[in-house]
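The values are calculated or read from the model by the stated rules, or taken from the named source; none is laboratory data. Computed from a predicted structure; not experimentally measured. Note: ideal-geometry Cβ built from the backbone for every residue, glycine included; neighbour counts use all protein chains shown. Note: accessible area is taken over every heavy atom of the protein model, side chains too, but ligands, DNA and RNA are not part of it. Shrake-Rupley method; radii C 1.70, N 1.55, O 1.52, S 1.80 Å.
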Amino acid sequence: MARALCPGSFDPVTNGHLDIIERTARHFEDVLVAVIRNPQKSESLFTLEERQEMLREVTAHLPNIHIGSFKGLLVDYAKEHDAQAIVKGLRAMSDFDYELQMAQMNERLSGIDTFFISTSPQYSFLSSSLVREVARFGGDVTNMVPPAVAKRLVERFGDPAERAGDDK
Ligand code: PNS
């Protein structure tokens, strides 16, 4: 059995990510979850250390998971760490075009194949960016992220239950 690499921004890790990581851990001997150091998107909400710490907390029950970080090309990191497969979750067709393109590019660059796991339907709407937005404006995200992440969001933005009365 091989080592799989699950890359992402994980800003923050959601229940959807965790589901993909847990399912990957069932199929591979060893899973390296790699956090990108400088996500190109917007500025990240959580630091690299915080994103890694949350991942460690929420995957503590899985013995074959390691948390790392990378910058630069994913395939270089995969080769350095002897990963034979990249694993990604696919939520909807909107993910597919870009993910297919990246998978083909990564295969062309390195010969490393990407395996896709279909996101569980209850998580298909879920993304870190939406979680950040909802939490920022006082919405309740407790069913969307692991408890350790919900706690960090409350520390960052305040408790939604308490904030509900703010404008009254
Ligand atoms: O969680 P995200 O933001 O969807 O993760 C995207 C990520 C980090 C997996 C992707 O942007 C990536 O692999 N970046 C590394 C740079 C790289 O290798 N680019 C070429 C891809 S073909």
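Surface composition of region 1-160: carbon plus sulfur atoms hold 52% of the accessible area, using a 1.4 angstrom probe and ignoring ligands, DNA and RNA. At q = 0.12 Å⁻¹, what log₁₀ I(q)/I(0) does a Debye calculation on the Cα points of region 109-168 give, no solvent, two decimals? So the normalised log intensities are -0.41. If you plug the beta carbon distance of residue 26 and residue 151 into 1/(1 + (r/R0)^6) with R0 = 22 Å, you get a FRET efficiency near 0.20.
Helix 15-27 and the long axis of the chain differ in direction by around 30°, with both axes built from C-alpha atoms.
Please determine, in degrees from 0 to 90 and to the nearest 10, the orientation of helix 48-58 with respect to the longest principal axis defined by the Cα atoms of the chain, where the helix direction is its Cα long axis. The helix 48-58 is inclined about 90 degrees to the chain. When peptides 102-115, 23-36 are ranked by their average number of other Cβ atoms within 10 Å per residue, the highest-first order is 23-36, 102-115. Taking every alpha-carbon pair under 8 Å whose residues sit at least 6 apart, region 21-138 reaches a relative contact order of 23 percent. For the chain, the longest principal axis of the Cα atoms and the long axis of helix 93-110 meet at an angle of about 40 degrees. What the chain shows is 57 Å² of accessible area per residue, with the surface traced by a 1.4 Å probe over protein heavy atoms. With Cα atoms as the point set, the chain shows a radius of gyration and Dmax of 16.4, 59 Å.
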